[in-house]
Every structure is written in structure tokens, then in C-alpha cells.
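The values are calculated or read from the model by the stated rules, or taken from the named source; none is laboratory data. Note that the structure is predicted; figures quoted are calculated from it, not measured. Counting neighbours? That spans all protein chains shown, and the Cβs are built from the backbone with ideal geometry, glycine included.
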């Protein structure tokens with residue numbers, strides 16, 4: 001299978017561990033990610049609130065390029081996914097009329113977790129699992145941007161997405177149901193309003209712990225950063241001795257398929273995932 005691939009900016013920087021796991025997993029599943037030629041920043045997370053033309057034009061240009069050679073494009077970053085979907089909706093409603101871009105109506109934009117949770121890919125994934133992650137108790141945290149608003153994302157389960165839950169079940173882990181899977185983590189407010197993000201993230205920690213989770217599984221690098229980086233500070237404020245690793249779902253997929261680089265990905269985290277997944281490393 002060959003699909004278009006829009007990596008976005010942060011996967012080449014602060015979230016390089018996420019992209020490394022994505023590329024490794026897709027290679028093992030015989031999914032060829034064909035990177036969009038000469039792609040540019042999609043404008044997340046501020047362009048649309050500062051300049052409406054830039055907010056549409058930046059992501060639309062990427063879609064126009066992707067549409068020349070692909071019918072599908074996969075987007076790992078939920079913020080990028082949301083902006084690309086928004087641009088396509090704008091063009092379909094003739095709001096992009098001032099641009100020279102052509103975006104094929106049939107071009108499908110995939111959130112990575114939704115793409116990898118398709119039945120055909122899950123079937124292939126199960127066949128390649130070497131170590132089932134039995135006994136791993138996790139909550140899947142989707143955040144705001146991959147499923148909401150449904151008028152943009154076309155999500156049928158915008159309050160209760162299950163793509164990562166299905167993937168965890170396929171590898172033998174135990175995804176715990178909880179009511180906070182789409183609550184906001186504060187996103188880029190960590191810079192101007194760290195206090196607000198600490199409050200939002202602190203609530204997520206406490207609810208995950210009450211649910212009995214050993215870790216939080218994510219598909220968004222912004223969510224991962226907000227939950228991982230300040231965790232020591234937040235847990236001290238909450239007077240909690242427990243630390244919860246924040247793990248990308250693709251890292252767990254790679255681990256279960258026996259990819260040799262999985263421990264290297266975990267080393268880039270602030271809260272060491274090996275405290276809960278070390279027992280599965282061969």
C-alpha cells in the first residue's frame with residue numbers, strides 16, 4: 001500500500017521519536033508513506049486566528065500538491081489533520097476561491113490512528129505481533145483535534161473515538177474506558193498559561209490513575225509534550241508519588257512487533273516508559 005504522507009513540522013524536531021516509530025511500524029506493515037513534495041507548515045496552531053487567508057492557504061497548498069499524485073494522504077499530527085481538513089472544507093464551500101490551488105474532491109485525509117486501525121491493516125498487524133502486551137493497563141487519550149468538531153473531521157465518534165483502543169486490543173493490551181479521552185490538555189497554552197495547562201493535565205492524571213491505568217497512550221505530539229514534560233512539577237503539586245508514562249501508540253505497535261529500536265524511542269521521554277513496558281522488551 002502506498003499513500004501520501006504529510007509529516008508536519010514538529011515530527012522533524014521535538015517529536016522525532018514519534019516519526020521514527022511511525023516509519024518503522026509502517027515499514028513492517030508494508031505501508032509506504034510517500035512524503036508530499038515541497039510541503040510547508042500547515043499554520044497550526046495560530047495562523048487561522050491571525051490571518052484567515054494564511055489559515056486556509058497554507059494547508060490548502062499541501063493538499064493541492066498531494067492531490068496531484070495521491071487519492072489518500074495520512075497525517076500523524078491531529079493539529080495538522082484538523083487544519084488540512086478545515087482547508088478542504090473551505091474549498092468545498094467555495095471559500096478558497098481566491099487561490100489558484102486545485103484540491104481534488106475525492107482526496108481523502110486520514111488521521112494516522114484512524115488509518116492504522118482499519119480492519120485490513122489490523123489484520124496484517126496481528127499477524128506480525130511477536131510479543132503480546134498482555135496485562136498492560138492503559139487509557140487512550142485522543143485530545144481535541146483529531147475528532148472535533150465533527151463538521152470538520154467527519155468523525156462519527158467525536159466524543160468517544162476508539163481507533164487507539166482497537167489497536168491496543170489487537171496487541172493484547174487492556175485499554176481502560178474512561179470519560180476524559182477527548183478533554184483538552186491546553187495545547188500551546190503551555191507557553192503563555194502554564195498554570196492553566198497544569199490544571200487541565202493534573203485532572204487527566206488523576207482520572208487516569210483512578211481508572212487504574214499504568215500509562216497514557218497518545219497519538220498527538222502536543223498532548224504527549226504537555227503530559228510528559230511538566231509531569232514532575234504537576235505530580236509534586238498534587239502530592240502524588242505515581243508517575244504515568246505518556247506513550248505514542250505507534251511505539252507500542254513497534255514494541256509488540258519486536259522492532260529493535262523501540263527502547264531507543266522510549267529514551268527520549270521525560271517519564272521513562274520502561275517502568276511499565278520493560279517487561280515486554282526481549
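Here are a few things to note about the model shown:
- Enumerated helices (runs of 4 or more DSSP H) restricted to the range 158-276, each holding at least 2 residues that are over 25 Å from residue 121 (Cβ atoms): 194-210, 221-228, 231-237
- Cβ-Cβ under 7 Å pairs, at least 6 apart or on other chains, the range 69-98 side assigned by TED's automatic domain parsing to the domain that holds residue 154, far side crowded, with 23+ Cβ neighbours inside 10 Å and in a helix (DSSP H, G or I): none
- Residue check for residue 96: part of a loop (DSSP other than H, G, I, E, B) and touching a strand residue (DSSP E or B) at 6+ places or on another chain (Cβ under 9 Å): no
- Residues of the range 1-37 that turn out to be in a loop (DSSP other than H, G, I, E, B), under 13 Å from the mean Cα position of the chain (by Cα) and farther than 17 Å from residue 72 by Cα, as a count: 1
- If the condition is being buried (at least 24 other Cβ atoms within 10 Å of the Cβ) and either in contact with a strand residue (DSSP E or B) (Cβ under 7 Å, 6 or more places away or on another chain) or free of Cβ contacts under 8 Å to residues at least 24 places away in the same chain (or both), then the range 220-240 contributes 223, 224, 227.
- Members of the range 113-137 that are in a loop (DSSP other than H, G, I, E, B) and buried (at least 18 other Cβ atoms within 10 Å of the Cβ): 117, 133, 136
- Any chance residue 122 is in contact (Cβ under 8 Å) with a residue 24 or more places away in the chain and not assigned by TED's automatic domain parsing to the domain that holds residue 222: yes
- Verdict on residue 40 being outside any helix (DSSP H, G or I) and within 30 Å of residue 264 (Cβ to Cβ): yes
- Single unsatisfied condition, residue 50 versus (1) surrounded by 17 or more Cβ atoms within 10 Å (Cβ to Cβ); (2) without any contact (Cβ under 8 Å) to a residue 60 or more places away in the chain: (1)
- Meets criteria (at pLDDT below 95, over 19 Å from residue 222 (Cα atoms), in contact with a helix residue (DSSP H, G or I) (Cβ under 8 Å, 6 or more places away or on another chain) and not in a loop (DSSP other than H, G, I, E, B)) for residue 54: yes
- For the range 140-157, a residue qualifies if it is crowded, with 16+ Cβ neighbours inside 10 Å and outside any loop (DSSP other than H, G, I, E, B), and the qualifying residues are 140, 141, 152, 153.
- Those residues of the range 158-179 which are surrounded by 20 or more Cβ atoms within 10 Å (Cβ to Cβ) and under 15 Å from the mean Cα position of the chain (by Cα), in sequence order: 161, 163, 164, 165, 167, 168
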